[in-house]
Amino acid sequence: MDKIAHTSKTSEYPSISIHIPFCNEPSEMVIDTIKSCLGQQYPNFEIIVLSNNTEDINLWKPVRAFCKNYPDQIRFEHYTHVEGYKGGALDICRSLTGSAVEYLFTVDADYILHPFALRKAVRHLKYTGAQLLQFPQNYSKENHTAGNAMHKELYSYFEIYSKIGNLTCNALPTGTLSLIALHALDAVKGWSGRSITEDAELGVKFWQKGFRTCFISEILGKGRLPNSISDLLKQRARWIFGNSQALRGCFAKDSGSAFSRLTIFLQLTAWSNLMALPLILLLMQGILWGLMINTTILHTGFILALTSLTVHLLSQFLLLGIATNFSGKYWWGAFLARTALLDLGSFQWIPALFGAKRPFECTNKFSKDTSFREVPMLLPGLFLTLTILTMERGLHIVYVLIPLFLLFSIASVHLYFQFKTRAAVLKTQLN
(Lines give C-alpha, C1' and ligand atoms only; values in the text may rest on other atoms or scores of the structure.)
Protein backbone atom coordinates (compact mmCIF):
# COMPACT_ATOMS: atom_id res chain seq x y z
CA MET A 1 0.00 0.00 0.00
CA ASP A 2 1.46 3.39 -0.96
CA LYS A 3 1.96 5.88 1.80
CA ILE A 4 -0.36 8.88 1.76
CA ALA A 5 1.55 12.16 1.67
CA HIS A 6 -0.14 15.29 3.01
CA THR A 7 1.13 18.67 4.09
CA SER A 8 -0.59 21.58 5.76
CA LYS A 9 -2.80 23.75 3.58
CA THR A 10 -1.95 26.81 5.63
CA SER A 11 1.26 28.79 5.94
CA GLU A 12 4.24 27.79 8.03
CA TYR A 13 2.16 28.00 11.23
CA PRO A 14 -0.79 25.58 10.98
CA SER A 15 -3.26 25.71 13.86
CA ILE A 16 -2.42 23.22 16.63
CA SER A 17 -4.51 22.02 19.56
CA ILE A 18 -2.48 20.82 22.56
CA HIS A 19 -4.32 18.07 24.44
CA ILE A 20 -3.56 17.47 28.13
CA PRO A 21 -5.80 14.83 29.72
CA PHE A 22 -5.08 14.04 33.36
CA CYS A 23 -6.45 11.68 35.99
CA ASN A 24 -5.61 11.94 39.70
CA GLU A 25 -2.38 13.84 39.05
CA PRO A 26 -0.83 16.40 41.46
CA SER A 27 -2.33 19.79 40.57
CA GLU A 28 1.04 21.58 40.85
CA MET A 29 2.55 19.22 38.31
CA VAL A 30 -0.34 19.65 35.87
CA ILE A 31 -0.17 23.43 36.19
CA ASP A 32 3.57 23.37 35.47
CA THR A 33 2.84 21.39 32.30
CA ILE A 34 0.19 23.91 31.23
CA LYS A 35 2.58 26.79 31.89
CA SER A 36 5.17 25.22 29.60
CA CYS A 37 2.52 24.93 26.90
CA LEU A 38 1.48 28.56 27.36
CA GLY A 39 5.12 29.52 26.91
CA GLN A 40 5.33 28.11 23.40
CA GLN A 41 7.01 30.44 20.92
CA TYR A 42 4.37 29.65 18.32
CA PRO A 43 1.63 31.99 17.08
CA ASN A 44 -1.26 29.63 16.37
CA PHE A 45 -2.32 27.18 19.07
CA GLU A 46 -4.96 26.38 21.67
CA ILE A 47 -4.83 24.18 24.80
CA ILE A 48 -7.46 21.64 25.85
CA VAL A 49 -7.12 20.48 29.48
CA LEU A 50 -9.35 17.59 30.49
CA SER A 51 -9.75 16.29 34.02
CA ASN A 52 -11.16 12.79 33.55
CA ASN A 53 -12.32 10.55 36.40
CA THR A 54 -10.49 12.66 38.98
CA GLU A 55 -12.61 12.32 42.10
CA ASP A 56 -10.57 14.47 44.50
CA ILE A 57 -11.66 18.07 43.98
CA ASN A 58 -8.39 19.24 45.52
CA LEU A 59 -6.61 17.81 42.47
CA TRP A 60 -8.68 19.27 39.65
CA LYS A 61 -10.14 22.51 41.05
CA PRO A 62 -6.76 24.30 41.37
CA VAL A 63 -6.09 23.40 37.74
CA ARG A 64 -9.44 24.82 36.69
CA ALA A 65 -8.76 28.00 38.67
CA PHE A 66 -5.43 28.43 36.90
CA CYS A 67 -6.94 27.83 33.45
CA LYS A 68 -9.61 30.49 34.04
CA ASN A 69 -6.84 33.08 33.90
CA TYR A 70 -6.36 32.29 30.20
CA PRO A 71 -9.86 32.08 28.69
CA ASP A 72 -8.64 32.89 25.18
CA GLN A 73 -5.99 30.18 25.15
CA ILE A 74 -7.18 27.34 27.38
CA ARG A 75 -10.37 25.34 27.54
CA PHE A 76 -10.74 23.32 30.75
CA GLU A 77 -13.33 20.59 31.27
CA HIS A 78 -13.95 18.15 34.10
CA TYR A 79 -15.58 14.83 33.15
CA THR A 80 -16.55 11.92 35.37
CA HIS A 81 -17.25 8.32 34.34
CA VAL A 82 -15.14 8.57 31.18
CA GLU A 83 -14.96 5.18 29.47
CA GLY A 84 -12.32 3.83 27.14
CA TYR A 85 -9.27 4.53 29.30
CA LYS A 86 -6.98 7.35 28.12
CA GLY A 87 -8.21 6.87 24.55
CA GLY A 88 -11.71 7.82 25.69
CA ALA A 89 -10.35 10.98 27.33
CA LEU A 90 -8.44 11.93 24.19
CA ASP A 91 -11.57 11.43 22.09
CA ILE A 92 -13.33 13.95 24.33
CA CYS A 93 -10.43 16.35 23.82
CA ARG A 94 -10.91 15.89 20.08
CA SER A 95 -14.59 16.82 20.38
CA LEU A 96 -13.62 20.04 22.20
CA THR A 97 -11.07 21.05 19.56
CA GLY A 98 -11.57 24.27 17.61
CA SER A 99 -12.88 24.04 14.05
CA ALA A 100 -9.82 25.72 12.48
CA VAL A 101 -7.33 23.26 14.00
CA GLU A 102 -5.24 21.12 11.63
CA TYR A 103 -2.99 19.25 14.06
CA LEU A 104 -3.19 17.85 17.56
CA PHE A 105 -0.24 17.66 19.93
CA THR A 106 -0.57 15.25 22.85
CA VAL A 107 1.20 16.07 26.11
CA ASP A 108 1.21 13.96 29.26
CA ALA A 109 0.43 15.89 32.44
CA ASP A 110 3.96 15.43 33.82
CA TYR A 111 5.84 16.86 30.82
CA ILE A 112 7.53 20.23 30.50
CA LEU A 113 7.74 21.38 26.87
CA HIS A 114 10.70 23.31 25.54
CA PRO A 115 9.61 26.82 24.41
CA PHE A 116 10.19 26.05 20.73
CA ALA A 117 8.66 22.55 20.80
CA LEU A 118 5.76 23.34 18.45
CA ARG A 119 7.94 25.26 16.01
CA LYS A 120 10.37 22.37 15.82
CA ALA A 121 7.60 19.81 15.43
CA VAL A 122 5.98 21.70 12.57
CA ARG A 123 9.33 22.16 10.86
CA HIS A 124 9.67 18.40 10.54
CA LEU A 125 6.29 18.13 8.82
CA LYS A 126 7.63 19.82 5.73
CA TYR A 127 10.18 17.21 4.78
CA THR A 128 8.48 14.07 6.13
CA GLY A 129 5.02 14.63 4.69
CA ALA A 130 3.81 12.56 7.65
CA GLN A 131 0.39 12.47 9.27
CA LEU A 132 1.94 11.62 12.64
CA LEU A 133 5.27 12.59 14.13
CA GLN A 134 6.51 10.99 17.34
CA PHE A 135 9.20 12.64 19.41
CA PRO A 136 11.20 10.80 22.09
CA GLN A 137 10.11 10.60 25.69
CA ASN A 138 12.81 12.04 27.88
CA TYR A 139 13.19 12.73 31.56
CA SER A 140 14.11 15.82 33.54
CA LYS A 141 17.55 16.05 35.11
CA GLU A 142 16.34 15.78 38.70
CA ASN A 143 14.45 12.62 37.76
CA HIS A 144 17.21 10.69 36.07
CA THR A 145 20.41 12.02 37.63
CA ALA A 146 20.19 9.12 40.06
CA GLY A 147 18.41 6.86 37.62
CA ASN A 148 20.42 6.94 34.42
CA ALA A 149 20.19 3.16 34.04
CA MET A 150 16.40 3.23 34.05
CA HIS A 151 16.39 6.25 31.77
CA LYS A 152 18.69 4.56 29.26
CA GLU A 153 16.70 1.32 29.40
CA LEU A 154 13.49 3.20 28.59
CA TYR A 155 15.12 5.34 25.91
CA SER A 156 16.44 2.24 24.15
CA TYR A 157 12.95 1.77 22.69
CA PHE A 158 13.36 4.91 20.59
CA GLU A 159 16.98 4.24 19.69
CA ILE A 160 16.13 0.79 18.30
CA TYR A 161 12.45 0.11 17.71
CA SER A 162 11.19 3.56 16.67
CA LYS A 163 14.06 3.79 14.19
CA ILE A 164 13.07 0.37 12.86
CA GLY A 165 9.57 1.77 12.36
CA ASN A 166 11.05 4.63 10.35
CA LEU A 167 12.31 2.14 7.77
CA THR A 168 8.73 1.85 6.46
CA CYS A 169 7.36 5.16 7.85
CA ASN A 170 5.40 3.21 10.45
CA ALA A 171 6.89 4.44 13.75
CA LEU A 172 4.23 3.94 16.43
CA PRO A 173 3.19 6.81 18.72
CA THR A 174 4.04 6.42 22.40
CA GLY A 175 1.39 8.46 24.19
CA THR A 176 2.98 11.88 24.58
CA LEU A 177 4.76 14.39 22.33
CA SER A 178 2.87 13.16 19.28
CA LEU A 179 1.93 15.61 16.51
CA ILE A 180 -1.11 14.22 14.68
CA ALA A 181 -2.91 15.47 11.57
CA LEU A 182 -6.57 15.96 12.48
CA HIS A 183 -7.87 14.74 9.12
CA ALA A 184 -5.97 11.47 9.59
CA LEU A 185 -7.26 10.96 13.13
CA ASP A 186 -10.81 11.46 11.91
CA ALA A 187 -10.21 9.09 9.00
CA VAL A 188 -9.47 6.23 11.44
CA LYS A 189 -12.48 7.25 13.61
CA GLY A 190 -10.46 8.67 16.45
CA TRP A 191 -8.70 7.08 19.36
CA SER A 192 -9.49 3.55 20.40
CA GLY A 193 -10.80 2.65 23.83
CA ARG A 194 -10.27 -1.07 23.23
CA SER A 195 -6.65 -1.09 24.32
CA ILE A 196 -4.97 0.25 27.45
CA THR A 197 -2.20 1.52 25.15
CA GLU A 198 -4.32 3.74 22.94
CA ASP A 199 -1.18 5.18 21.34
CA ALA A 200 -0.01 1.85 19.90
CA GLU A 201 -3.55 1.06 18.77
CA LEU A 202 -3.72 4.39 16.92
CA GLY A 203 -0.40 3.67 15.22
CA VAL A 204 -1.71 0.32 13.99
CA LYS A 205 -4.84 2.00 12.61
CA PHE A 206 -2.73 4.60 10.82
CA TRP A 207 -0.65 1.81 9.31
CA GLN A 208 -3.78 0.01 8.14
CA LYS A 209 -4.96 3.21 6.41
CA GLY A 210 -1.59 3.79 4.76
CA PHE A 211 -0.73 7.00 6.62
CA ARG A 212 2.88 7.99 7.20
CA THR A 213 4.09 7.95 10.81
CA CYS A 214 7.68 8.98 11.58
CA PHE A 215 9.91 9.12 14.63
CA ILE A 216 11.99 12.29 14.97
CA SER A 217 14.98 12.01 17.31
CA GLU A 218 14.76 15.51 18.75
CA ILE A 219 13.96 16.26 22.40
CA LEU A 220 10.91 18.54 22.71
CA GLY A 221 10.15 18.07 26.38
CA LYS A 222 10.92 16.13 29.52
CA GLY A 223 8.75 14.21 31.96
CA ARG A 224 9.08 12.15 35.10
CA LEU A 225 10.21 8.62 35.68
CA PRO A 226 8.00 6.37 37.84
CA ASN A 227 8.53 7.15 41.52
CA SER A 228 8.99 3.60 42.79
CA ILE A 229 9.64 0.06 41.62
CA SER A 230 5.96 -0.83 42.07
CA ASP A 231 4.99 2.11 39.83
CA LEU A 232 7.55 1.02 37.25
CA LEU A 233 6.15 -2.51 37.27
CA LYS A 234 2.58 -1.21 36.81
CA GLN A 235 3.66 1.02 33.93
CA ARG A 236 5.63 -1.71 32.18
CA ALA A 237 2.85 -4.28 32.68
CA ARG A 238 0.39 -1.82 31.07
CA TRP A 239 2.65 -1.30 28.07
CA ILE A 240 3.18 -5.02 27.56
CA PHE A 241 -0.47 -5.93 27.97
CA GLY A 242 -1.85 -3.06 25.89
CA ASN A 243 0.62 -3.54 23.04
CA SER A 244 -0.31 -7.22 22.95
CA GLN A 245 -3.96 -6.18 22.59
CA ALA A 246 -2.94 -4.03 19.62
CA LEU A 247 -1.10 -6.98 18.07
CA ARG A 248 -4.39 -8.37 16.78
CA GLY A 249 -4.60 -5.47 14.33
CA CYS A 250 -1.13 -6.33 13.06
CA PHE A 251 -2.51 -9.43 11.35
CA ALA A 252 -5.34 -7.73 9.47
CA LYS A 253 -5.51 -8.52 5.78
CA ASP A 254 -4.24 -6.09 3.12
CA SER A 255 -2.48 -3.84 5.62
CA GLY A 256 0.75 -3.25 3.79
CA SER A 257 3.87 -5.18 2.92
CA ALA A 258 5.28 -8.06 4.94
CA PHE A 259 8.24 -5.87 5.90
CA SER A 260 6.02 -3.07 7.21
CA ARG A 261 4.04 -5.67 9.17
CA LEU A 262 7.31 -6.89 10.66
CA THR A 263 8.32 -3.38 11.78
CA ILE A 264 4.94 -2.95 13.49
CA PHE A 265 5.29 -6.35 15.16
CA LEU A 266 8.77 -5.57 16.48
CA GLN A 267 7.63 -2.29 18.01
CA LEU A 268 4.59 -3.86 19.68
CA THR A 269 6.70 -6.64 21.20
CA ALA A 270 9.64 -4.46 22.27
CA TRP A 271 8.89 -4.91 25.98
CA SER A 272 7.92 -8.60 25.70
CA ASN A 273 9.96 -11.77 25.38
CA LEU A 274 9.46 -15.49 24.76
CA MET A 275 10.98 -16.71 28.01
CA ALA A 276 7.72 -17.91 29.59
CA LEU A 277 8.13 -21.53 28.45
CA PRO A 278 11.84 -21.81 29.37
CA LEU A 279 11.14 -20.36 32.83
CA ILE A 280 8.23 -22.77 33.34
CA LEU A 281 10.45 -25.68 32.28
CA LEU A 282 13.12 -24.60 34.75
CA LEU A 283 10.55 -24.34 37.52
CA MET A 284 9.14 -27.78 36.70
CA GLN A 285 12.62 -29.30 36.71
CA GLY A 286 13.28 -27.83 40.15
CA ILE A 287 10.01 -29.25 41.48
CA LEU A 288 10.75 -32.70 40.04
CA TRP A 289 14.26 -32.66 41.43
CA GLY A 290 12.78 -31.81 44.79
CA LEU A 291 10.57 -34.91 44.44
CA MET A 292 13.67 -36.95 43.53
CA ILE A 293 12.41 -37.46 39.96
CA ASN A 294 14.80 -37.18 37.03
CA THR A 295 14.62 -38.38 33.42
CA THR A 296 16.69 -37.84 30.30
CA ILE A 297 13.83 -35.98 28.59
CA LEU A 298 13.46 -33.58 31.51
CA HIS A 299 17.20 -33.04 31.69
CA THR A 300 17.30 -32.25 27.94
CA GLY A 301 14.45 -29.76 28.36
CA PHE A 302 16.34 -28.18 31.24
CA ILE A 303 19.44 -27.69 29.08
CA LEU A 304 17.40 -26.24 26.21
CA ALA A 305 15.63 -23.83 28.59
CA LEU A 306 18.94 -22.61 30.00
CA THR A 307 20.36 -22.23 26.50
CA SER A 308 17.41 -20.16 25.26
CA LEU A 309 17.56 -17.96 28.36
CA THR A 310 21.29 -17.38 27.89
CA VAL A 311 20.83 -16.51 24.21
CA HIS A 312 18.05 -14.06 25.13
CA LEU A 313 20.20 -12.34 27.75
CA LEU A 314 23.12 -12.02 25.34
CA SER A 315 20.86 -10.56 22.62
CA GLN A 316 19.47 -7.99 25.08
CA PHE A 317 23.00 -7.14 26.18
CA LEU A 318 23.95 -6.48 22.55
CA LEU A 319 20.79 -4.45 21.76
CA LEU A 320 21.23 -2.24 24.81
CA GLY A 321 24.87 -1.82 23.89
CA ILE A 322 23.79 -0.48 20.50
CA ALA A 323 21.18 1.78 22.13
CA THR A 324 23.75 3.27 24.54
CA ASN A 325 26.62 3.41 22.03
CA PHE A 326 28.36 0.79 24.17
CA SER A 327 28.96 3.43 26.80
CA GLY A 328 30.31 1.76 29.94
CA LYS A 329 28.04 2.19 32.97
CA TYR A 330 24.98 3.19 30.91
CA TRP A 331 25.21 -0.03 28.92
CA TRP A 332 25.58 -2.26 31.96
CA GLY A 333 23.07 -0.26 33.99
CA ALA A 334 20.40 -0.49 31.29
CA PHE A 335 21.08 -4.20 30.87
CA LEU A 336 20.71 -4.86 34.60
CA ALA A 337 17.46 -2.88 34.69
CA ARG A 338 16.09 -4.86 31.72
CA THR A 339 17.22 -8.16 33.31
CA ALA A 340 15.43 -7.37 36.58
CA LEU A 341 12.17 -7.03 34.62
CA LEU A 342 12.59 -10.18 32.53
CA ASP A 343 9.78 -12.17 34.17
CA LEU A 344 7.35 -9.28 33.60
CA GLY A 345 8.02 -9.35 29.87
CA SER A 346 7.75 -13.14 29.87
CA PHE A 347 4.17 -13.50 31.12
CA GLN A 348 2.22 -10.21 30.95
CA TRP A 349 1.50 -10.42 27.22
CA ILE A 350 -0.05 -13.90 27.20
CA PRO A 351 -3.55 -13.12 28.62
CA ALA A 352 -4.02 -10.21 26.19
CA LEU A 353 -3.65 -12.49 23.16
CA PHE A 354 -6.58 -14.53 24.45
CA GLY A 355 -8.86 -11.51 24.80
CA ALA A 356 -8.40 -10.85 28.52
CA LYS A 357 -9.19 -7.37 29.87
CA ARG A 358 -7.53 -5.35 32.58
CA PRO A 359 -8.03 -1.82 33.97
CA PHE A 360 -5.87 1.14 33.03
CA GLU A 361 -3.56 1.82 35.99
CA CYS A 362 -2.08 5.29 36.04
CA THR A 363 1.55 5.69 37.00
CA ASN A 364 1.75 7.43 40.37
CA LYS A 365 3.35 10.87 40.07
CA PHE A 366 3.19 11.73 43.78
CA SER A 367 6.46 11.57 45.71
CA LYS A 368 6.93 8.09 47.09
CA ASP A 369 9.87 6.17 48.49
CA THR A 370 10.54 2.67 47.24
CA SER A 371 10.68 -0.40 49.46
CA PHE A 372 12.84 -3.50 49.19
CA ARG A 373 9.59 -5.51 49.31
CA GLU A 374 8.85 -4.16 45.82
CA VAL A 375 12.02 -5.61 44.33
CA PRO A 376 11.31 -8.45 41.82
CA MET A 377 12.90 -11.51 43.44
CA LEU A 378 11.11 -14.33 41.60
CA LEU A 379 14.01 -15.14 39.27
CA PRO A 380 16.81 -14.81 41.87
CA GLY A 381 14.75 -17.17 44.05
CA LEU A 382 14.24 -19.63 41.19
CA PHE A 383 17.93 -19.80 40.31
CA LEU A 384 19.01 -20.01 43.94
CA THR A 385 16.73 -23.03 44.38
CA LEU A 386 18.01 -24.68 41.19
CA THR A 387 21.61 -24.00 42.21
CA ILE A 388 21.12 -25.68 45.60
CA LEU A 389 19.41 -28.69 44.04
CA THR A 390 22.10 -29.18 41.39
CA MET A 391 24.90 -28.82 43.94
CA GLU A 392 23.30 -31.58 46.01
CA ARG A 393 23.39 -33.85 42.97
CA GLY A 394 26.90 -32.87 41.91
CA LEU A 395 25.74 -31.76 38.44
CA HIS A 396 28.14 -29.68 36.34
CA ILE A 397 25.26 -27.47 35.19
CA VAL A 398 25.67 -25.68 38.52
CA TYR A 399 28.49 -23.68 36.89
CA VAL A 400 25.85 -22.09 34.63
CA LEU A 401 23.24 -21.63 37.34
CA ILE A 402 25.53 -19.81 39.77
CA PRO A 403 26.32 -16.97 37.28
CA LEU A 404 22.61 -16.71 36.42
CA PHE A 405 21.67 -16.51 40.10
CA LEU A 406 24.28 -13.82 40.66
CA LEU A 407 23.20 -11.88 37.55
CA PHE A 408 19.50 -11.78 38.49
CA SER A 409 20.32 -10.98 42.13
CA ILE A 410 22.63 -8.11 41.16
CA ALA A 411 20.02 -6.85 38.67
CA SER A 412 17.27 -6.76 41.31
CA VAL A 413 19.48 -5.06 43.92
CA HIS A 414 20.73 -2.61 41.29
CA LEU A 415 17.13 -1.69 40.41
CA TYR A 416 16.38 -1.10 44.09
CA PHE A 417 19.33 1.24 44.57
CA GLN A 418 18.46 3.13 41.39
CA PHE A 419 15.12 4.11 42.90
CA LYS A 420 16.42 4.48 46.43
CA THR A 421 19.15 6.88 45.35
CA ARG A 422 16.72 8.81 43.18
CA ALA A 423 14.27 9.15 46.08
CA ALA A 424 17.07 10.56 48.24
CA VAL A 425 17.95 13.10 45.54
CA LEU A 426 14.34 14.23 45.18
CA LYS A 427 13.93 14.47 48.96
CA THR A 428 17.02 16.68 49.19
CA GLN A 429 15.68 18.94 46.44
CA LEU A 430 12.31 19.28 48.18
CA ASN A 431 14.01 20.26 51.43
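Rounded to the nearest 10 degrees, what's the angle between the helix 27-38 long axis and the longest principal axis of the chain, both from Cα atoms, 0 to 90?
The angle comes out near 50 degrees.
Carbon and sulfur: what percent of region 239-312's accessible surface (1.4 Å probe)? Present the calculation step by step, with values, prior to reporting the outcome.
Details: 2800 of 3650 Å².
Looking at region 239-312 in its full context, I get 77 percent from C and S.
What distance in nm separates the simple spin-label points at residue 12 and residue 123, each placed 7 Å from Cα in the Cβ direction?
It is 1.0 nm.
So, counting K/R as plus one and D/E as minus one, what does the shell of residues with Cβ under 15 Å around residue 290 add up to?
0
What nm distance separates the two modelled labels at residue 350 and residue 41, each placed 7 Å from Cα along Cα→Cβ?
Distance between label points: 5.3 nm.
Given a 1.4 Å probe, how much area per residue of region 236-368 is accessible, in Å²? Write out the running numbers ahead of the final one.
Values: 6530 Å² over 133 residues.
With all protein chains present, region 236-368 gives 49 Å² per residue.
How do the peptides 15-24, 58-67 rank, highest first, by the average count of neighbouring beta carbon atoms within 10 Å per residue?
Packing proxy ranking, top to bottom: 15-24, 58-67.
Which percent of the accessible heavy-atom area of region 60-162 goes to carbon and sulfur, probe 1.4 angstrom?
On the way: 2140 of 4210 Å².
It is 51 percent, rounded to a whole number.
Roughly how many Å is it from the Cα centre of region 185-251 to that of region 112-133, as a whole number?
If you average the Cα positions of each part, the centres end up 19 Å apart.
Could you tell me which label, among (i) 21.2; (ii) 26.4; (iii) 23.0, carries the value of Kirkwood radius over Cα pairs in Å calculated for this structure?
The calculated read-out lines up with (iii).
Can you work out the Karplus-derived ³J(HN,Hα) for every residue in region 94-103? Use 6.51 cos²θ - 1.76 cosθ + 1.60 with θ = phi - 60°, whole Hz, and x for glycine or proline.
Here the 3J(HN,Hα) series is 4, 5, 8, 6, x, 5, 8, 6, 10, 9 Hz.
Give me the percent of accessible area attributable to carbon and sulfur for region 166-232, probe 1.4 angstrom.
Exposed carbon and sulfur together represent 48 percent of the surface.
Could you go through region 212-225 in sequence order and give the Karplus-derived ³J(HN,Hα) for each residue, using 6.51 cos²θ - 1.76 cosθ + 1.60 with θ = phi - 60°, rounded to whole Hz, and x for Gly and Pro?
Result, ordered by residue: 8, 10, 10, 9, 10, 7, 9, 6, 10, x, 9, x, 10, 6 Hz.
For the pairs 152/357; 68/120; 35/152; 234/357; 68/365; 120/329, note any where the Cα-Cα span goes beyond 22 Å.
152/357; 68/120; 35/152; 68/365; 120/329
Once you put a point 7 Å from the Cα of residue 77 and another 7 Å from the Cα of residue 308, both along the Cβ direction, what distance in nm separates them?
Each label point lies 7 Å from its Cα, and together they span 4.8 nm.
With a 1.4 Å probe and every protein chain left in place, work out the accessible area per residue of region 83-219 in Å², rounded to a whole number.
Averaged over the residues of region 83-219, the accessible area is 31 Å².
5 Å is the cut-off here: which amide hydrogens, built 1.01 Å from N in the peptide plane, fall below it relative to residue 82, excluding neighbours closer than 5 in sequence?
Correct list: 53.
Among 163/420; 222/420; 86/420, which pairs are too far apart, with a Cα-Cα distance over 25 Å? Intermediate results must be reported in sequence, preceding the final value.
Values: 163/420 32 Å; 222/420 21 Å; 86/420 30 Å.
Listed pairs above 25 Å: 163/420; 86/420.
The values are calculated or read from the model by the stated rules, or taken from the named source; none is laboratory data. Since this is a predicted model, take the numbers as computed values, not measurements. A quick note on method: Cβ atoms are made from the backbone with ideal geometry, for glycine too, and the neighbour counts reach across all protein chains shown. Side chains included, ligands, DNA and RNA excluded: accessible areas come from the protein's heavy atoms. Shrake-Rupley method; radii C 1.70, N 1.55, O 1.52, S 1.80 Å.
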